[in-house]
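Q: Below is one structure. I have some questions about it.
The values are calculated or read from the model by the stated rules, or taken from the named source; none is laboratory data. Just so it is clear, the structure is predicted and the values come from calculations on it, not from any experiment. Cβ placement follows ideal geometry from the backbone for every residue including glycine, while neighbour counts extend to all protein chains displayed.
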């Protein structure tokens, strides 16, 4: 995996790790996948997403503490097994989101990608059970909090859904295809999973391709 490639984590209580080339593979001669326990600051991880920069893995998630002002906690690990907390993306919900969506209490489902020379973290603001949601963006040159270049830049709104829409702008996920085009899938509930093309220069929606693509939906009888 490219050192800056991101992957969506499905679970964090245990991690599925391929043991080829690992000394622990001596107890696993066929090098089959194995579930290994993790420790440290691993409690209360929700909607995890993970990315690696240099020799450190950074895991982002939805905050789970009640009445926590900080949003999108960050955990760090050198080996994917031992984790520690290493900060938050936001010290509070941005003012513009409070005005845009006053009932939003938490920021959800962060997704990180690296393109155009910086890290792009897309996240959701919403109200549970409603589709009056939005996907927003923050960027950073590095994920290393010890670096002089470490600073989250609020890039604002990317896309939102409203009550009259048949989709829900939540749970963004970025994919870069073989041609280098950047795509953002999102959704579930309402009309299913949708996709929009992203301008890699701005990190926002493409103005050249404005089509709303439908990827999947639930078939009802």
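Q: Could you check segment 73-95 and list, in sequence order, the residues that are under 23 Å from residue 163 (Cα atoms) and surrounded by 13 or more Cβ atoms within 10 Å (Cβ to Cβ)? So that I can check it myself, show each step before the final result.
A: Start the filter on segment 73-95 by keeping residues that are under 23 Å from residue 163 (Cα atoms), which leaves 93-95.
93, 94, listed by residue number.
Q: Which count do you get for residues in segment 44-72 that are in contact (Cβ under 8 Å) with a residue 24 or more places away in the chain and assigned to a strand (DSSP E or B)?
A: The number of residues fulfilling the criteria is 15.
Q: Please state which of the following conditions residue 36 fails to meet, knowing it meets all the rest: (1) more than 30 Å from residue 126 (Cα to Cα); (2) in contact with a strand residue (DSSP E or B) (Cβ under 8 Å, 6 or more places away or on another chain); (3) at pLDDT 95 or above.
A: The number of the failed condition is (3).
Q: Name the strands (runs of 3 or more DSSP E) wholly within segment 118-187 that hold at least 1 residues that are out of contact with any helix residue (DSSP H, G or I) (no Cβ under 9 Å at 6 or more places or on another chain) and at pLDDT below 95? Spell out the reasoning first.
A: Values: elements: 118-125, 134-140, 153-160, 173-176, 182-187.
Output list reads 182-187.
Q: May I pose another question? I'd like to check something: does segment 90-112 contain any residue that is under 19 Å from residue 200 (Cβ atoms), outside any strand (DSSP E or B) and either free of Cβ contacts under 8 Å to residues at least 12 places away in the same chain or out of contact with any strand residue (DSSP E or B) (no Cβ under 6 Å at 6 or more places or on another chain) (or both)?
A: For segment 90-112, residues under 19 Å from residue 200 (Cβ atoms), outside any strand (DSSP E or B) and either free of Cβ contacts under 8 Å to residues at least 12 places away in the same chain or out of contact with any strand residue (DSSP E or B) (no Cβ under 6 Å at 6 or more places or on another chain) (or both): absent.
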